[in-house]
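The values are calculated or read from the model by the stated rules, or taken from the named source; none is laboratory data. Keep in mind the model is a prediction, meaning the values are calculated, not measured. As a convention, Cβ positions derive from the backbone with ideal geometry for all residues, glycine included, and neighbour counts pool all protein chains shown.
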Amino acid sequence: MHAKTNIHSSLKKRRRKHFMLKMYICLFLVLLTITIFAFLTNYSGVRIQNITVKGVSSISEGDISNFVKNEISSKYLYVFAKDNILLLPRSTIKKDLLDNFKKIEIIKISLGGLRDVEITIKERVQTALWCQDKCFFMDSNGLIFAEAPEFSGTPFPEYFGLINKENPIGENYFDAEKFIKISELFENIKKLGFPLEKFVALDASEYEMTFVGGGKIATNDKQDFSESFKNLKAIVDNGLIKTDEASLKKISHIDLRYNKVHYDFK
């Protein structure tokens, strides 16, 4: 009985030693793998040397390049270099560029060999102005993305209200779907012959458009914008409201907020 106990104890010790040996081997292999991978990420042959920026016009290529270099200058866990083709954080770079450069609409990052990165950018196109004390550019989706210079005349439609910030860059003037519909209404009314100057959001659902001569057109989002336009067009087509310069100066107010168009003259 005593002999069996000794044999059983000896087997347990051998198994424990065998298990510990396996653990040491696994640990060694893990450390070896980490060391080799760390070496590879820091190897000069795969580290990014050149960053090329394409597609910019109003944004400095140098600003983009320096921003990306700073993004990839650190290391994961203080060991694995980011500035290489193996661990280049493309998704993070895209997100951070979009967050910090609001003029950028689309970014594509591609590798040109082992040491070159090419960043292709599509900038936002200014289609309108949002104004308060000064004016800012908006794109076709209503995103405010850059301060605008002072203009003589009004080269872009001007939108007011809704946002109460000294620096509105990065804000949306309504959501994209609604802004597109508002823009279409604004442009269609202009094509109808009304020389619109401004669109003012009195609040989130009540709006007012002003035209040369001082007249105003009221609308809201309780009625479909296309229906509002059809109602106005019908009045113009029937000759009840004329859009020649002399007639427009006589118009005080046009109300499109109801099923019928209400209008007043000065």
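In the stretch 128-154, what count of residues is obtained for those that are within 20 Å of L185 (Cβ to Cβ) and either among the hydroxyl-bearing types (S, T, Y) or more than 14 Å from the chain's Cα centre (by Cα) (or both)?
6
Among the candidates E71, E61, single out the residue that is surrounded by 13 or more Cβ atoms within 10 Å (Cβ to Cβ) and either touching a residue at least 24 places away in the same chain (Cβ under 8 Å) or outside the structural domain of L114 (by TED's automatic domain parsing) (or both). Walk me through how you get there before you give the answer.
Details: E61 fails: either touching a residue at least 24 places away in the same chain (Cβ under 8 Å) or outside the structural domain of L114 (by TED's automatic domain parsing) (or both).
After ruling out the rest, the residue left standing is E71.
Inside the stretch 177-192, can you point out the residues that are under 20 Å from K216 (Cβ atoms) and surrounded by 20 or more Cβ atoms within 10 Å (Cβ to Cβ)?
I182, S183, L185, F186, I189
Restricting attention to the stretch 51-58, does a residue exist that is in contact (Cβ under 8 Å) with a residue 24 or more places away in the chain, among the aliphatic types (A, V, I, L, M), crowded, with 18+ Cβ neighbours inside 10 Å and part of a helix (DSSP H, G or I)? Even if it seems obvious, please write down each step before you answer.
Residues of the stretch 51-58 that are in contact (Cβ under 8 Å) with a residue 24 or more places away in the chain, as a first pass: 51-58.
Narrowing the set further to residues that are among the aliphatic types (A, V, I, L, M) leaves 51, 53, 56.
Next, from what is left, pick out any that are crowded, with 18+ Cβ neighbours inside 10 Å: 51, 53, 56.
Remaining after also requiring part of a helix (DSSP H, G or I): none.
No.
Which one of these does L86 not meet: (1) surrounded by 13 or more Cβ atoms within 10 Å (Cβ to Cβ); (2) within 30 Å of R124 (Cβ to Cβ); (3) touching a Ser or Thr at 6+ places or on another chain (Cβ under 8 Å)?
(2)
Check K95, K102, K108 and return the single one that is charged (D, E, K, R), in contact (Cβ under 8 Å) with a residue 60 or more places away in the chain and either outside the structural domain of F137 (by TED's automatic domain parsing) or part of a loop (DSSP other than H, G, I, E, B) (or both).
On the way: K95 fails: in contact (Cβ under 8 Å) with a residue 60 or more places away in the chain; K108 fails: in contact (Cβ under 8 Å) with a residue 60 or more places away in the chain.
Just one listed residue meets the conditions, K102.
Would you pick out the residues in the stretch 220-238 that are in a helix (DSSP H, G or I) and of a type in the set (S, T, N, Q)? Give the derivation first.
First, pick out the residues of the stretch 220-238 that are in a helix (DSSP H, G or I): 225-237.
Within the stretch 220-238, S226, S228, N231 meet the criteria.
Quick test for you: out of I254, I241, I217, pick the one residue that is assigned to a loop (DSSP other than H, G, I, E, B), surrounded by 16 or more Cβ atoms within 10 Å (Cβ to Cβ) and in the same structural domain as F194 (by TED's automatic domain parsing).
Details: I254 fails: assigned to a loop (DSSP other than H, G, I, E, B); I217 fails: assigned to a loop (DSSP other than H, G, I, E, B).
Criteria check complete, one pass: I241.
Would you please name the residue that is surrounded by the fewest Cβ atoms within 10 Å (Cβ to Cβ), looking only at residues in the stretch 193-214 that are in contact with an Asp or Glu (Cβ under 9 Å, 6 or more places away or on another chain) and under 16 Å from H262 (Cβ atoms)? I'd like the intermediate steps shown before the answer.
Filtering the stretch 193-214 down to residues in contact with an Asp or Glu (Cβ under 9 Å, 6 or more places away or on another chain) leaves 193, 195-202, 204-207, 209-213.
Within this subset, residues satisfying the condition of being under 16 Å from H262 (Cβ atoms) are 206-207, 209.
Working: E206: 15, Y207: 25, M209: 23.
So the residue we want is E206.
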